[in-house]
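A.B. asks: Dropping a structure here in C-alpha cells format, bear with me for questions.
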Amino acid sequence: MLDATNENLPNESEEINSESENNKPENKNDNASSDMTEEQVVNEIDDQIAETSEKEEEQNEEEEVNYETMELEELVVELEKIINNNEVQKINKQVNSIKNVFNSKFSKILAEKKAQFLAEGGESIDFKYSNPLKTSYNTLVKDFKEKRDKYYKNLETELSGNLDLRLSVIEQLKDLIKNGDSKTMYTQFKGLQERWKRIGPVAREKYNDTWRTYHHHVERFYDLLHLSNDFRDLDFQHNLDEKLKLVKKVEELAEMPDVNAAFKQLQVIHKMWKEDIGPVARDIREEVWGKFSAATKKIHDKRHDYFRGLKGKYEENIEKKLIVIKQIEEVDTSKNNSHNDWQGSIKKIESLRDQFFKIGRVPKSESDKIWDKFKGATKKFNKEKNNFYKNIKGEQQQNLDKKLKLIERAEAAKDSENWEETTELMKKIQFEWKKIGHVPRKYSDKIWNQFRNACNHYFDRFHEYKNEGSKEEQEILNKKKALLELIKTQTQDIEKVEIEALKELIKEWHSLGKVPYSMRHVESKFSKLIDKVFGQLSIDPNELEMMRFKNQIEGFLAQNNFRKLDGEQLYLRKKIDELIREKQQLENNINFFANAKSDNPLLKNVQKNIALIEKKLAGFKLKLTYLSQLDY
C-alpha cells in the first residue's frame, strides 16, 4: 500500500542576503583634533555631559552575550527575558543586537524556503511563509517599542517640569541677591542650593545654559557677601578642598591605560565639579580652574591618540576585506549540477560572509566602496544560483512525463486478476516512481493522487481476494460470536463492570485474528458494544477517548488494514496542523487587546478558546504518538 502523504521534499536552498540590517557599514567618526585649546576641550566635554543629562541610559553591566550562537527560539526567549526584567531605557543595545541576529537568521530561512518553493515549480509571486517564532518576535518588539515610547513621553514631561523648577530657583536667587536681608540671606541661599540639587534632569539643549546662569548668580551671591562673612569663607575653603581633590583624580585618570574608561570617569567628575561643588574665592578661581582644565586636556589628547591608532587598524581592515571579497568571487560554481552541490557552495559563501563582518570597520572614506564590492560579489553568486533553480524546471517537466507513463501502466493493471504477476508489476512500478525526481509543484498533488488511487484500487482487490473465508477464519468467527455474547452478559450491570477485566476481553477479541471478509460486520457489532459500555463507565473523559481510540486501532491491526492505519495517521497530522494554525491566529488576535484589562470579556473569550485548542491538541498528539510507535 502507498503512504497517504506526498513525496519527501528536497533539502532547502539558501539565499545569500548581503543587505541584512546588521551588516550595513558603520559611518561614525570617533576622531577628534588634538590641536584644541583647553577651553575648547572643556566645552566639548560640557556638551557631552549635556547629551546624557536628561536621562540615565547606561547599558546593563552584564557580560556581553554572543547572540550569533543562538537559534531563533532561544533569541525569542532571551528577548522576552530582557524586556520583562529590565528598565526599557537601559536595554536598547541588547534589543538591537538580538533584532539584528534574529532578522539575519530569519532572512536566511526565508530565502531557503523561497528557493525550495521555486525549485518545486512555484512562482515567486505565489510564495508565502509564516513562522510562529516570527509572530512571537514581532509581538515582543512591538511591546518594547510601546514601553520605550511611553518612557520617553513621560520623560519629556518630567524634563519640562524640572526646567521650570530650576528657572524658579534662579529667579529666587536673583531676588535674594537684590533684596535679601543680610541676617538671613545666607540661610536662604543654602536652602536654594539644596533645592537646586534635588531637582531632577532637564532637556540636554537646556542643561548648559541653565547651569551657567545658576552658577553665575551663585558667584555673584558670594562676591556680594561681606568680606568678614565667616560662612562664606568656610564655604570657599570647603569648595577649594573638594575641587583640588577632583583635580588630583583627573591627574590620576590621565595615567590609566584604558582611555575610554578614563574619559567616562572624566565626564562624571566634570558633572560633580559643575553641580555638586560651589565656587572658590575670587582671587584663586582662575588658578584652580586652570589646573582642572590642563588635566582634562591631557586625557582628551591621550584619547585622540588612541583613536588615531584605531584609524591605522581600519586601514589594515581594507586589505583584509578585499581578500575575502576576492575569495567570494573565486568560488567556483561551474561544476554545481545538483541541489546538494549548491548547498555546499552556499555554506562556503556564508562562511566568507561571516569572515567579512568579523574583520571590523574600515575608514569612512572607503566604507561605501568596500560595501559595494562585497554586495556585487554576493549578487553575482546569487544570480548564478537562481539561474540553476530556474533550469531545474525543465528537468522537472521530464520527470512529469515519466510519472505520467507510470500512471498509465498502473491504471492498465489495476483490474487484473493475475494476482502473482500483477502484484510484482505494481511493486516494480512503485519502486520506479520513487526513483524519479520532483515534478512542477502545480502538478505534484494531482498526479500523486492519480497514482496512489490506481495502486490502492489494485491492492484493495488483492487483499479482498486473500481475505476470502477459510476454515480457520470460520472457527475464529464462531469464537468471536461466543465472546461477543459473553461481553454482552458481563456488561449488562454496568456498575459491576471492572475496567481491567473488560480490557482483557477486548485484548482476547483482537488476538483471535481475522474473520471471513463477508462476515466483517461482526467487528462492527463488537465496536458498537464496546463504545456503548465505555460511554456508561464513570471514568475520565480523556482516558475514555484514548481507550476507544486504542480499541479502534487494534481492530485495524487485527485485520491488517494498513490503509486505515495510514489514513488515521494522515488525519491526525492534518488536525494537529489545523489546530496549530487556529491557535496562532487567536494568539495574533490577542495583540489587538494589548491595552485591554485582564477582565475584558473579548480577551477572556480568546484566551478560553486558546485553552480549548491546547486541550484538543494534547489529545491528538497523544493519539499520534501511540499510532507512530506501532510496528506494522
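The values are calculated or read from the model by the stated rules, or taken from the named source; none is laboratory data. Given the structure is predicted, the values throughout are model-derived calculations rather than measurements. Cβ sites come from the backbone with ideal geometry, for glycine too, and all protein chains shown count toward neighbours. Note: areas computed on protein heavy atoms with side chains; ligands, DNA, RNA excluded. Shrake-Rupley method; radii C 1.70, N 1.55, O 1.52, S 1.80 Å.
A.B. asks: Could you give the radius of gyration (one decimal) and Dmax (whole number) of the Cα atoms in region 563-632, in Å?
C.D. replies: 16.1, 53
A.B. asks: Identify the trypsin sites (Lys or Arg not before Pro) of region 482-555 meeting these criteria: DSSP loop state and at most 15 other C-beta atoms within 10 Å of the C-beta. Write out the running numbers ahead of the final one.
C.D. replies: Numbers: sites: K488, K496, K503, K507, K514, R520, K525, K528, K532, R548, K550; in loops: K514, R520.
Of the trypsin sites (Lys or Arg not before Pro), the ones in loops of region 482-555 whose Cβ has at most 15 other Cβ atoms within 10 Å are R520.
A.B. asks: How large is the accessible surface per residue of the chain, computed with a 1.4 Å probe and reported in Å² as a whole number?
C.D. replies: 60
A.B. asks: Another question, if that's okay. Pop a pseudo-label 7 angstrom from the Cα along the beta-carbon direction at both K604 and D283 and give the gap in nm to one decimal.
C.D. replies: 8.1
A.B. asks: What are the ³J(HN,Hα) values, in whole Hz, obtained from phi via the Karplus relation 6.51 cos²θ - 1.76 cosθ + 1.60 with θ = phi - 60°, for each residue of region 617-624 in sequence order, with x given for Gly and Pro?
C.D. replies: 4, 4, x, 5, 5, 4, 5, 5
A.B. asks: Between E545 and K574, take the C-beta separation as r, use R0 = 22 Å, and let me know the FRET efficiency to the nearest 0.05. Show your work: numbers first, answer last.
C.D. replies: Details: r = 18 Å, r/R0 = 0.83.
In this case the efficiency is close to 0.75.
A.B. asks: Turning to a different aspect of this structure: With a cut-off of 16 Å, note down the residues of region 444-462 whose backbone N falls inside the zone around a label point 7 Å from the Cα of K393 toward its beta carbon.
C.D. replies: Inside the label zone: 444.
A.B. asks: How big is the Rg/Rh ratio for region 414-501, C-alpha atoms only, Rh by Kirkwood, two decimals?
C.D. replies: Result: Rg/Rh = 1.28.
A.B. asks: Count the net charge of all other residues whose Cβ sits under 14 Å from the Cβ of I487, scoring Lys and Arg as +1 and Asp and Glu as -1. Let's see the in-between values first.
C.D. replies: Numbers: positive: K479, K480, K481, K488, K496, K503, K507, K525, K528, K532; negative: E485, D493, E498, E504, E508, E523, D531.
Net charge around I487: +3.
A.B. asks: Residue separation times 0.36 nm, minus the C-alpha to C-alpha distance between K190 and E329: what's the value?
C.D. replies: Full extension of this stretch gives 42.8 nm more.
A.B. asks: Using R₀ = 35 Å, calculate the FRET efficiency as 1/(1 + (r/R₀)^6) where r is the Cβ-Cβ separation of Q172 and N591; round to 0.05.
C.D. replies: 0.10
A.B. asks: Calculate what fraction, in whole %, of the accessible area of the chain sits on carbon and sulfur atoms when a 1.4 Å probe is rolled over the protein chains.
C.D. replies: After summing per-atom areas, the C and S share lands at 48 percent.
A.B. asks: Run the numbers on the chain and let me know its relative contact order in percent, using alpha-carbon pairs under 8 Å that are six or more apart.
C.D. replies: 17
A.B. asks: List the residues whose amide H sits under 5 Å from the amide H of G122, counting only those 5 or more places along or on another chain, with H placed 1.01 Å from N in the peptide plane.
C.D. replies: For G122, the qualifying residues are R441.
A.B. asks: Could you go through region 424-429 in sequence order and give the Karplus-derived ³J(HN,Hα) for each residue, using 6.51 cos²θ - 1.76 cosθ + 1.60 with θ = phi - 60°, rounded to whole Hz, and x for Gly and Pro?
C.D. replies: Working through the residues one at a time gives 5, 4, 5, 5, 5, 4 Hz.
A.B. asks: Which whole-Hz couplings ³J(HN,Hα) result when phi for each residue of region 245-258 is put into the Karplus expression 6.51 cos²θ - 1.76 cosθ + 1.60, θ = phi - 60°, listed in order with x for Gly and Pro?
C.D. replies: 4, 5, 4, 5, 4, 5, 5, 5, 4, 4, 8, 5, x, 8
A.B. asks: Still on this structure, I have one more. Please give the contour-minus-distance gain from V77 to E408: 0.36 nm per residue of separation, less the Cα-Cα distance, rounded to one decimal in nm. Don't skip to the answer; put the middle values down first.
C.D. replies: Working: separation 331, 0.36 × 331 = 119.16 nm, distance 5.32 nm.
Extending this stretch completely gives an extra 113.8 nm.
A.B. asks: If you take the beta carbon distance between Q237 and T213 as r and set R0 to 22 Å, what does 1/(1 + (r/R0)^6) give as a FRET efficiency, to the nearest 0.05? Before the final figure, lay out the partial values.
C.D. replies: On the way: r = 26 Å, r/R0 = 1.17.
Calculated value: 0.30.
A.B. asks: Which of the following values of P(r) over Cα pairs in 10 Å bins from 0, in percent was calculated from the structure shown: (i) 2, 10, 13, 15, 14, 13, 10, 8, 6, 5, 3, 1, 0, 0; (ii) 3, 13, 20, 21, 17, 14, 9, 3, 0, 0; (iii) 3, 13, 18, 16, 14, 12, 10, 8, 5, 2, 0, 0?
C.D. replies: Calculated P(r) over Cα pairs in 10 Å bins from 0, in percent: the matching label is (i).
A.B. asks: Full-extension gain between K364 and Q552, please, as 0.36 nm times their residue separation minus the C-alpha to C-alpha distance. If you can, show how the numbers build up before the last one.
C.D. replies: Details: separation 188, 0.36 × 188 = 67.68 nm, distance 7.19 nm.
Full extension of this stretch gives 60.5 nm more.
A.B. asks: What is the spin-label model distance, in nm, from A294 to D258 if the labels are put 7 Å beyond Cα along the C-beta direction?
C.D. replies: That separation, rounded to one decimal, is 2.9 nm.
A.B. asks: Then there's this: Treating only the Cβ atoms of Lys and Arg (+1) and Asp and Glu (-1) as charged, compute the dipole magnitude of the chain about its Cα centre; round to the nearest 20 debye.
C.D. replies: 1780
A.B. asks: Could you state the per residue volume, in Å³, of the convex hull enclosing the Cα atoms of region 450-515?
C.D. replies: 115
A.B. asks: Just list whichever of K528/K564; K113/K335; K264/K321; K248/K302; K134/K604 have alpha carbons separated by over 29 Å in the model shown.
C.D. replies: Flagged as over cut-off: K264/K321.
A.B. asks: Follow-up question, since we're still on this one. Which value in nm describes the separation of the simple spin-label points at K428 and Q492, placed 7 Å from the Cα toward the beta carbon?
C.D. replies: In this crude spin-label approximation the distance works out to 6.1 nm.
A.B. asks: Does anyone have the angle between helix 521-536 and the longest principal axis of the chain? Alpha-carbon axes, 0 to 90°, nearest 10?
C.D. replies: Around 40 degrees separate the two axes.
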